[in-house]
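Participant: Can you read through this structure? Questions will come right after.
The values are calculated or read from the model by the stated rules, or taken from the named source; none is laboratory data. What you see is a predicted model; the values in this text were computed from it and never measured. We place every Cβ from the backbone using ideal geometry, glycine too, and count neighbours over all the protein chains shown.
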């Protein structure tokens, strides 16, 4: 089922983009279309600057408003969001798997932040809401939303300093023999992969590499899978997924890590064609990773808080299925 709705998206030009052409702004900022596709969209007058039709080489100025009228063709997502805790400065909510945290590619309105804003608006709240952090689209679990700029800054400082405590539950491929282990490995883009977003563990000192440390504890060994607790000490993009794949035990259901470039690209092509049924080589509809616990200091009172979320039904069903 695909949601189709005409809507107008807008972007305000900041100082960094002052003086660049319209086509350069669109093709660099929104990479889900090629330069030629953006030119065609401009020619159809679906793109306007300050309410007026413009050419691809129009030079943008600070505070110009670029609008894009489009019929959204967004893939279906799981909208079963649950607000766990809500107070003046922040809220904590459960994000289901198969729901992007924020707008990305084909997802504009079928996102956690868009839906949570609608939920809060229905309750009479229409003020500041901003993600304090993000989860991958297929990762379920707890996510924190700031309700003021001050709260967002306070939470950001905690994330940047590593003061936030996070735990994840994962189901990985294969049987892990040790009861606990750690991966202390720098992460950088994989130069040997044709997939630009793929990362891997690299030696310290590799250009662009970021230090990363994750501890793992075995919870349960299944027939061909292992359930583990993941304790990231740092917060690099895809850190848990990269470290698990490096250990030889990638996430069940992961299409990117622990899979070949050809398999991942096959998945991408199918998704772009509107085909979302699992491919034959997929062992789960989504990757089996759940953000089960988060602890931080209340941005308003500095009180230490902790929140937990049990694994969702789809993950429980997968564990039950592969246990026999």
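Participant: Taking residue 212 as meeting all but one of (1) touching a helix residue (DSSP H, G or I) at 6+ places or on another chain (Cβ under 9 Å); (2) farther than 20 Å from residue 133 by Cβ; (3) surrounded by 18 or more Cβ atoms within 10 Å (Cβ to Cβ), write down the number of the exception.
Facilitator: (2)
Participant: Taking residue 259, is it assigned by TED's automatic domain parsing to the domain that holds residue 167, part of a strand (DSSP E or B) and surrounded by 13 or more Cβ atoms within 10 Å (Cβ to Cβ)? Quick ask: steps written out before the conclusion?
Facilitator: Details: assigned by TED's automatic domain parsing to the domain that holds residue 167: yes; part of a strand (DSSP E or B): no; surrounded by 13 or more Cβ atoms within 10 Å (Cβ to Cβ): yes.
No; evaluated as a whole, the condition is false for this residue.
Participant: Run down 53, 122, 93 and say which single residue is surrounded by 16 or more Cβ atoms within 10 Å (Cβ to Cβ) and at negative phi.
Facilitator: Selected residue: 93, the only one of 53, 122, 93 that is surrounded by 16 or more Cβ atoms within 10 Å (Cβ to Cβ) and at negative phi.
Participant: Sort out which residues of the range 273-324 are in a helix (DSSP H, G or I) and touching a residue at least 12 places away in the same chain (Cβ under 8 Å), and write them in order of number.
Facilitator: Narrowing the range 273-324 to residues in a helix (DSSP H, G or I): 313-323.
If the condition is that a residue be in a helix (DSSP H, G or I) and touching a residue at least 12 places away in the same chain (Cβ under 8 Å), then 314, 315, 318, 319, 322, 323 are the ones that fit.
Participant: May I pose another question? Consider residue 270 carefully, then state whether it is outside any helix (DSSP H, G or I) and either over 21 Å from residue 189 (Cα atoms) or modelled with pLDDT under 95 (or both).
Facilitator: When the stated conditions are applied, residue 270 does not pass them.
Participant: Moving to a separate point now. Show me the strands (runs of 3 or more DSSP E) entirely contained within the range 100-206 in which 3 or more residues are free of Cβ contacts under 8 Å to residues at least 60 places away in the same chain.
Facilitator: Passing ranges, in order: 180-184, 186-189, 199-202.
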